[in-house]
Structure formats: structure tokens, C-alpha cells
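A quick write-up on the structure given underneath.
The values are calculated or read from the model by the stated rules, or taken from the named source; none is laboratory data. This is a predicted model, so every value here is computed, not measured. So basically every Cβ, Gly included, is an ideal-geometry build from the backbone, and we count neighbours across all protein chains shown. For the accessible areas, the whole protein counts, side chains as well, though only heavy atoms, and no ligand, DNA or RNA atoms are used. Shrake-Rupley method; radii C 1.70, N 1.55, O 1.52, S 1.80 Å.
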Amino acid sequence: MTTKMAINAKDIFRNQHRLIRFIEQSIRLCSNQSLKAAQHQREQKASADFQITAQVDAQYTSAPEPIKHDQNVGHQFRASQLSVRLAAPEQLQMKPDSDEDLGFGRLFTDHMLKIYYHRNLGGWQRPEITPLENLVMHPAAKVLHYAVELFEGMKAYRGVDGKIRIFRPDMNMNRMNLAAQRSGLPTFEGKEFVQCLSRLLSIDSEWVPHTDTASLYIRPTLIGIDPTLGVASSDSALLYTILSPVGSYFKTGSSGAVSLLADPSYVRAWPGGVGNRKMGSNYAPTINVQKEAAAKGLQQVLWLYGEEHQLTEVGTMNIFMFYVNDQGEQELITPPLSGLILPGITRDSILRMTRQWGKFKVTEGNITMPQVCELLNQGRLLELFGAGTACVVSPVNRINYLGQDLYIPTMEQEKPVHELIRETLTDIQYGKVDHPWSVVID
């Protein structure tokens with residue numbers, strides 16, 4: 001092979017993701033027209049009461065408050081500083097044969113995003129995209145000893161028009177920075193980070209599944225890497241992101257619903273703690289309880305708190321209950337942001353969306369297990385479901401509480417609210433309807 005031919009081959013390889021993306025979009029051009037036509041027919045048949053449009057009232061779409069950085073954080077990184085080092089042929093990951101049975105978090109894409117922070121070098125360093133590779137750190141790194149770390153969960157969706165979208169990324173960035181402040185880790189500019197993520201998604205765009213039953217999971221992570229022992233703020237940190245094509249998060253029963261263990265002897269979070277922050281230290285202690293649930297043939301854990309056995313979260317999800325209240329009204333309720341639960345992006349979206357519908361009462365308030373039992377006995381409990389990025393919406397059909405099985409009629413409703421919510425959210429995420437929450441990746 002001549003030198004010129006080798007250079008040309010190298011150029012082709014470096015731009016393969018653009019070529020593949022162009023071919024895929026061209027192939028799908030005709031099929032997308034039929035998809036859009038089918039979607040239009042489906043929307044015409046749907047109830048006009050819940051028609052979704054791009055026009056959203058301002059009171060339902062408020063953006064999070066900008067993060068105020070500490071003066072000693074130093075300079076911020078900029079997306080314009082981003083450098084890219086593409087994977088060589090031998091570094092490319094094996095792609096799945098099918099998008100239909102991906103599981104969750106088992107496969108990873110070809111590249112990752114890394115941004116180092118060093119206070120003694122002035123702050124955040126230049127962001128870089130590299131081939132997926134192992135991290136190298138000192139054995140005294142704070143993340144390994146004191147769990148000085150946090151993460152986020154986001155997804156990229158391939159729409160019916162072939163475009164790739166992410167969902168309300170500003171919310172994830174705000175939540176991540178709040179967790180960084182609580183962890184003694186440096187904060188960063190969310191908009192700049194989203195631009196870096198967009199470039200990473202563009203490079204690995206061929207990994208975004210070509211189906212509306214799967215997506216590309218985005219895992220931004222921030223860890224303290226100081227090579228020193230001692231509980232203190234981190235002077236060195238690493239902000240990185242890996243990508244993983246994923247299918248369903250939960251293994252559900254044949255009905256598509258999950259069953260839960262509600263054991264008040266276990267507590268996930270408490271007042272003044274960090275149950276409202278997405279830190280790994282919140283999740284490790286739950287693993288053994290999850291094993292106990294699995295041993296009883298149950299899929300997830302319903303976390304309770306206090307003498308009244310308040311419902312807080314279900315597995316890694318926020319919990320919602322749809323019922324008939326004392327005034328005979330249908331009401332959707334979810335626990336308040338009291339510090340015990342994670343301020344979920346899906347949770348916030350459901351509250352804003354259903355309040356805009358105006359078809360039933362929507363509230364934030366405490367839910368207790370005695371209340372659940374009473375509503376169930378009176379026939380007023382209609383649906384119970386979890387909500388989160390990984391699962392979107394997950395219906396609940398059984399709770400094992402104090403040795404007794406409570407059967408929830410979530411799947412018995414003629415027109416379940418949880419299904420309407422899931423369909424509406426996924427229609428936004430996969431670009432079936434235009435909506436300001438859905439951000440297109442260029």
C-alpha cells in the first residue's frame with residue numbers, strides 16, 4: 001500500500017461515523033414517511049383531552065436556577081477547547097447483533113469524554129474525547145476511600161425522523177452540580193458540558209439504537225482523585241462520561257408490572273442526609289435489600305421512612321399513586337421534595353405535564369402504607385407506578401408489606417393513566433411530537 005493510499009484509508013476510517021450516519025438516514029427517509037403517517041393516524045384516534053403540542057405554558061417549563069460557583073473553583077472549561085482522539089480499528093467495541101435484547105449497562109460504545117480538574121493548575125482543564133479506556137488513579141484516591149463521587153443518568157433517543165435527541169439536559173446538569181457542591185467537588189458550566197456531550201454522541205451516533213424500545217444511556221460521572229488520605233474537599237477531580245446502548249431496565253412479570261418488597265426495617269434516606277443527591281453512596285447499601293426482595297420473588301424494593309411508613313422511592317425510581325380522594329376526585333400524588341427523595345427529571349416532567357392537562361388533581365404530599373391499605377380496601381386505589389430515566393414509567397401490581405401481599409389494580413384499569421403518561425413522554429423523547437423538552441443533537 002502506498003503512503004497516499006494509507007492516508008486516504010485513515011481519513012475514511014476517521015470519518016466512518018459520518019458516512020454511516022448519512023447512509024442510515026438516507027435508507028430511512030422513505031420508511032420515516034410511513035411512520036409519520038401512522039403516527040398522525042394514531043394521534044387522530046387519541047383522546048383530544050390529552051392532545052400534546054409544542055405550545056407549553058411558561059409556568060410548566062421553568063428552567064432550573066443557574067449554579068453559583070465558589071470563587072476558589074478556578075477557571076471553567078469550554079466546549080470550544082474540546083479535542084478528539086478517535087479509536088483505532090483494534091480499539092473499536094463489538095456492536096450488538098440486535099437492538100431488541102440489549103439489557104442494561106452491559107455494552108459500551110467506542111469513545112468517552114474526560115475532563116480533569118486540578119486546583120493547583122488553575123481549575124478545569126481542556127475537555128477531551130478519547131477511545132474508551134481504563135482509568136488510572138492513585139490507590140489513595142478519595143473516590144476509593146470516602147466515596148467522593150456522584151453521577152447522572154441521561155438517555156439519547158433516535159427519533160422517527162432519524163435525528164438524535166436528549167431530554168431536558170439542563171435539569172441533569174443542575175442536579176449534578178448540586179451534588180458536587182454537597183460532595184466538596186468542583187462545579188462546572190452545564191451548557192458547556194452538554195455541548196461536549198453532544199460531540200461525543202455525534203461521534204458514537206451509530207450506537208444509538210434504531211428502535212423506540214431502546215436508547216443510548218449516558219452516564220456522566222464526577223469523582224475525587226486526590227492521591228491523599230483524609231476526609232476533605234477534592235483539589236483534583238475527573239468528570240467523565242461513558243455511553244451504553246440499553247433496553248429495558250427492569251425484569252418485570254408477565255403482566256409488564258413490577259412487584260415490591262416494603263420492609264420498614266430498612267431505610268434508604270433520612271432528614272439532613274443526601275437522599276436527594278445522586279451519589280453512589282446512596283446505592284451500595286441497597287444492594288443487599290434488593291437481594292432479599294429477589295429471594296422472595298419480588299423485583300424491587302419500596303423504601304419506607306418513619307413511624308408512619310411513608311413511601312419515598314421504589315428501587316431507583318420516584319413513586320406515584322393515582323386514586324380517588326376523600327372528595328370523590330381522581331388525584332395523582334407523589335411524595336414531596338423533602339430531602340428524602342431524588343428530584344427526578346421524569347418526576348418533574350410528569351408533574352408539569354399532568355398539571356397542564358388539567359384533567360385530574362395533581363399534588364405533592366406524603367403517602368403512607370396504612371393509607372395505601374385503606375384505599376385498597378375501599379376500592380379507591382387505582383394505580384401505583386414508578387418513574388425514572390432508566391424505566392420511564394413502571395407499573396406496580398403487588399407489594400409485600402409486613403408479610404402480607406397487597407395486590408394493586410394498576411393493570412386492571414380500562415384507560416390507565418400511567419400508560420398515557422408513558423406514551424406522551426416517549427412520544428416527546430423519540431421526536432413523534434415537537435416539544436421544547438426534547439433537544440436535537442446536531
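When a 1.4 Å probe is rolled over the protein heavy atoms, the share of accessible surface on the stretch 176-276 that falls to carbon and sulfur comes to 51 percent. Would any residue of the stretch 359-386 have its amide N under 15 Å from a label point 7 Å out along Cα→Cβ of Val324? List them or say none. Inside the label zone: 361, 374-383. Using only the Cα atoms, work out Rg/Rh for the stretch 79-248, with Rh taken as the Kirkwood radius, to two decimals. Taking Rh as the inverse mean 1/r over Cα pairs, Rg/Rh reads 0.98. Positive-end ranking of Tyr430, Pro416, Gly297 along the dipole of the stretch 258-430, with charges on Cβ about the Cα centre, is headed by Tyr430.
For the stretch 323-381, the set of trypsin sites (Lys or Arg not before Pro) satisfying both a DSSP loop assignment and a count of at most 16 other C-beta atoms within 10 Å is given as Lys359, Arg380. For the stretch 136-159 and the stretch 420-437, compute the distance between their C-alpha centroids and round to whole Å. Centre-to-centre (Cα) distance: 29 Å. In this structure the stretch 83-192 gives 46 Å² per residue of accessible area when probed at 1.4 Å with all protein chains present. Taking each residue as 0.36 nm, the span from Gln71 to His138 lengthens on full extension beyond its C-alpha to C-alpha distance by 21.4 nm.
Listed values for the stretch 200-210 are Karplus-derived 3J(HN,Hα) couplings in whole Hz (6.51 cos²θ - 1.76 cosθ + 1.60, θ = phi - 60°), namely 4, 5, 5, 5, 9, 4, 5, 7, 6, x, 9, and x replaces Gly and Pro.
How much length, in nm to one decimal, is gained on full extension between Leu337 and Tyr283, taken as 0.36 nm per residue of separation minus their Cα-Cα distance? Intermediate values should be presented prior to the final figure.
Values: separation 54, 0.36 × 54 = 19.44 nm, distance 1.86 nm.
My answer for the length gained is 17.6 nm.
Take 313-319, 121-127, 86-92, 165-171 and order them by the average number of nearby Cβ atoms within 10 Å per residue, most first; the result is 313-319, 165-171, 121-127, 86-92. The 3J(HN,Hα) values that the Karplus relation (6.51, -1.76, 1.60; θ = phi - 60°) gives for the stretch 267-274 are, in residue order, 10, 7, 8, 8, x, x, x, 10 Hz. Gly and Pro appear as x.
Please list, by residue number, every one of the trypsin sites (Lys or Arg not before Pro) in the stretch 195-298 that is coil in DSSP and has at most 12 other beta-carbon atoms within 10 Å. It would help to have the intermediate numbers written out before the result.
On the way: sites: Arg199, Lys251, Arg268, Arg277, Lys278, Lys291, Lys296; in loops: Lys251, Arg268, Arg277, Lys278, Lys296.
Within the stretch 195-298, the qualifying trypsin sites (Lys or Arg not before Pro) (loop, at most 12 other Cβ atoms within 10 Å) are Lys251, Lys296.
For a paramagnetic label modelled on Arg380 (point 7 Å from Cα along Cα→Cβ), amide N atoms under 20 Å away belong, within the stretch 348-374, to 359-374. Accessible surface comparison of Val136, Val194, probe 1.4 Å, protein chains only, largest first: the order is Val136, Val194.
Computed from the Cα positions only, the extents of the stretch 258-430 along the three principal axes stand at 40, 35, 28 Å, in decreasing order.
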